[in-house]
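Engineer: Attaching a single structure in structure tokens format; questions to follow.
The values are calculated or read from the model by the stated rules, or taken from the named source; none is laboratory data. Treat the numbers as computed from the prediction; the structure is a model and nothing was measured. Cβ placement follows ideal geometry from the backbone for every residue including glycine, while neighbour counts extend to all protein chains displayed. These area figures cover heavy atoms from the full protein model, side chains too; ligands, DNA and RNA do not enter into them. Shrake-Rupley method; radii C 1.70, N 1.55, O 1.52, S 1.80 Å.
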Amino acid sequence: MQAKKTDVIIAGGGLAGLSLARQLRMAVKDLDITVLERRQFPIPDTTAKIGESTVEIGSHYFTETLGLKQHFKARHLQKHGLRCFFGRPQKDYSQQDELGVSELFGVPTYQIERGVLENYLQKQLLDEGIHIVDGAALESVELGNKQQHITVNTEQGTDAYQGRWFVDASGRQELVKKKLGLKKTNPHQGNAAWFRIDKRIVIDEWTTNEAWQQRIKEPGKRWLSTNHLMGAGYWVWIIPLGSGATSIGIVMDDQVLAENDFASFEATLSWLGKEQPKCAEMIAGARVLDYCLIRNYSYGCKKMFSDEGWCLTGEAGAFTDPFYAPGSDFIAFNNTFITHLLAQDIAGHDIRLDSAVFHMFYNSFFESTLSLYTHQYGGFGDRKMMAIKLLWDYAYYWGILTVLFFKQASTDIHLMRSLNPLLRKVQDDNGDIQRLFAN
């Protein structure tokens, strides 16, 4: 079989893979890029994918780095921050302990309708001359030193591709990790049940208390937050989507999972009726669009970037936890590192040091993020602990990570090497604080 030759093969046409293809095209105009995706486009606007909420790094990446600001403003809801509610559920929600911003930060964030965004990116990439092969089921991956061979099955038969670079953006298929034994377990035991309903849930309507409504600068906009209903060992997210649908997830530690039944939507709704009755009341009668339960969702990766011409991005590499919505931040950093590596390699530069530095930064970012959750779910229902924790976690995020990304410092190899001792010290300090929260 004659292999089709290309510069870059991206396995996975989801959020990570499509955004990487766009970033590569912007960085190296004449790069020949092929994206292989097992689904058929267009996909449903409200699609069964976790990861609808963005925070500042991911939002900046999509809107500024990739130039998608107008699309986000037109088709996705601007997020009104993270908001948490604590205490025994009350019929009048103004009586709940609430932790959240009164006005928006300066950097816009969004609630992403994943199908809408991925369909838009797919059309844009096709117009830019990027090859997207949908309905392509991967059959084999052979990795070499700048010689990558991929075979896929389509409705038309079997096709082979040969490329200098291969990027695994296949999500939890974990193609490269399974092939090379790169999966890395961790001590965080998290589980999630999530679903979408064809109904908009407006948390502002859960009380008529005028003083409560006026506590935020734009009354009536709480529903645009990523609202968190907090309990011991669990939290519930409520995320509005531009289509009018709502994404709802129950994220829990192993103890909550073991003591309750989440095997079906009906069982989960029954659990909500006991733990968060107001939320269950609002869901009742809505049409359920999908339902999924995933156990032990958190994992890492021993190696993300190879100077031999392969990399991983998105959930094909690692996943920490959905609290704080860091998934799009990892995509932003990883795709930026991959784009740098490919551009330098195509230009004929030695990328061995670059790939090592990038993995070092990725590992530090992953471990610091993971520490926010490990052994801490039992205290998530404690409003005093969470008030202090959110202040510290926000300070770390804004004081370290956003500065590095917004200033485009993370791909400055010499700067990152010089900052390494300081970054390691700050990471150690963060670890000490997180262990105090865990205890």
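Engineer: Leu68: net charge of surrounding residues, Cβ under 10 Å, Lys/Arg +1, Asp/Glu -1, itself excluded?
Structural biologist: Here the charged neighbours net out to +3.
Engineer: Mean-square fluctuation check for the chain, GNM, Cα pairs under 10 Å: which of Arg383, Arg417, Arg25 is largest?
Structural biologist: Maximum among the listed residues: Arg417.
Engineer: Calculate, for segment 216-354, the solvent-accessible area per residue in square angstrom, rolling a 1.4 angstrom probe over the heavy atoms of the protein chains.
Structural biologist: Per-residue accessible area for segment 216-354 comes out at 34 Å².
Engineer: Find out how many positive minus negative residues lie around Leu419, taking Lys and Arg as positive, Asp and Glu as negative, among other residues whose Cβ is under 14 Å from that of Leu419.
Structural biologist: +3
Engineer: I've got another one for you. With r as the distance between the Cβ atoms of Ala284 and Ser94 and R0 = 30 Å, compute the FRET efficiency 1/(1 + (r/R0)^6) and round to 0.05.
Structural biologist: Taking R0 as 30 Å, the efficiency between Ser94 and Ala284 is 0.85.
Engineer: Next question, about the same structure. Quick check: with the 1.4 Å probe, what order do Ser247, Ser364 take by accessible area, largest first?
Structural biologist: The most accessible residue leads, giving Ser364, Ser247.
Engineer: Let me make sure I get this right: for segment 27-86, a, b and c are the square roots of the gyration tensor eigenvalues over alpha carbons, sorted descending. Under 1.5 in a/c it's rounded, otherwise prolate if a/b > b/c, else oblate. Which is it?
Structural biologist: In terms of gyration-tensor shape, oblate.
Engineer: Let a ≥ b ≥ c be the square roots of the eigenvalues of the Cα gyration tensor of segment 37-120; is it rounded (a/c under 1.5), or, if not, prolate (a/b larger than b/c) or oblate?
Structural biologist: Oblate shape, in that a/c is at least 1.5 and b/c is the bigger or equal ratio.
Engineer: Further question: As a test question: what accessible area, to the nearest 10 Å², does His359 have when a 1.4 Å probe is rolled over all protein chains in place?
Structural biologist: 40 Å²
Engineer: Let me ask something else. Below 12 angstrom from the Cβ of Ala160, what's the summed charge of the other residues (Lys, Arg +1; Asp, Glu -1)?
Structural biologist: -1
Engineer: For each pair in Lys199/Lys384; Lys5/Lys303; Lys49/Lys274; Lys4/Lys29; Lys5/Lys49; Lys123/Lys178, compute the distance between the two Cα atoms and list the pairs where it is over 29 Å.
Structural biologist: Lys199/Lys384; Lys5/Lys49; Lys123/Lys178
Engineer: Can you give me the solvent accessible area of Met385 with a 1.4 Å probe, rounded to the nearest 10 Å²?
Structural biologist: Per-residue accessible area (Met385): approximately 30 Å².
Engineer: Rounded if a/c is under 1.5, else prolate if a/b beats b/c, else oblate: with a ≥ b ≥ c from the C-alpha gyration tensor eigenvalues square-rooted, which is segment 81-191?
Structural biologist: prolate
Engineer: Heavy atoms only, probe 1.4 Å: what % of the accessible area of the chain goes to carbon and sulfur, would you let me know?
Structural biologist: 50 percent
Engineer: Which of these, Gln189, Gln70, Gln111, has the largest mean-square fluctuation under a Gaussian network model of the chain (Cα springs below 10 Å)?
Structural biologist: Comparing Gln189, Gln70, Gln111 in a Gaussian network model of the chain, the most mobile one is Gln70.
Engineer: Probe 1.4 Å, all protein chains in place: accessible area of Ser19 in Å², nearest 10?
Structural biologist: 0 Å²
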